[in-house]
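Everything on this sheet refers to the single structure shown next.
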Amino acid sequence: MKKLLFLLCIILFLAFGIGCVRNENPDNVVPDNNVVPGKTPNITEETLTGSASIIEKYKEIEYAEAYVENNKLILYLIPINKDVPKERVREIGISFLKALSGYTVNEGLKGPTDESYGEIYDYYNVEILVEGENGTIIDKGTKSKGKNEIKWQ
């Protein structure tokens, strides 16, 4: 009887101990390295250049750049030529948003999902600028911080 009671105590102890450890990080969230409540997180140079280099691999894109200006994130695209359909460049612009957001996961922010472009966009307004011939802007998308839609003009 004592052995059975002892065995039950050990099983309960292990079950309780494992349950406590399992609940320490229930969502498997990456620790917040760069996120301070109420403060806009910084976007690293690696995030900006890395996401742009991903987008430049699209055969339709000649040049891509991402930078922060006046607390606004600018995603700049130059298609390879004027024959690239506007809809395709817009799709690539959205891919640019998601690529950049994916880089911020290392900074403790949530990345893109089917429902969101990523947590970084809760802190920054975004402009997607598409340059045409002679340096003129031929398309522009805007996304307000905290919103999950892009308005194209």
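The figures follow:
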quantity: N134/Y67 FRET efficiency (R0 30 Å; Cβ-Cβ; nearest 0.05); calculated: 0.90
quantity: Sorted by Cβ neighbour density within 10 Å, fewest at the top, the residues K39, K147; calculated: K39, K147
quantity: Nitroxide proxy distance, nm - points 7 Å out along Cα→Cβ at T142 and V105; calculated: 3.1
quantity: Mean Cβ neighbour count within 10 Å, used as a protection proxy, ranking 129-136, 87-94 highest first; calculated: 87-94, 129-136
quantity: Distance violations [Cα-Cα > 20 Å] among K86/K110; K110/K140; K59/K82; calculated: K86/K110; K110/K140
quantity: Value of D in µm² per second that Stokes-Einstein yields for region 56-100, Kirkwood Rh from Cα pairs, at 37 °C (0.692 mPa s); calculated: 299
quantity: Normalised alpha carbon radius of gyration of region 45-152 [divisor 2.2 N^0.38 Å]; calculated: 1.00
quantity: Candidate aspartates and glutamates - alpha carbon under 15 Å from K57, same-chain residues fewer than 8 apart omitted; calculated: E65, E91
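Each value in this text was obtained by applying a stated rule to the coordinates, not by laboratory testing. For clarity, every value in this text was computed on a predicted model and none was experimentally measured. Note that each Cβ is placed from the backbone with ideal geometry, even for glycine, and that neighbours are counted across all protein chains shown.
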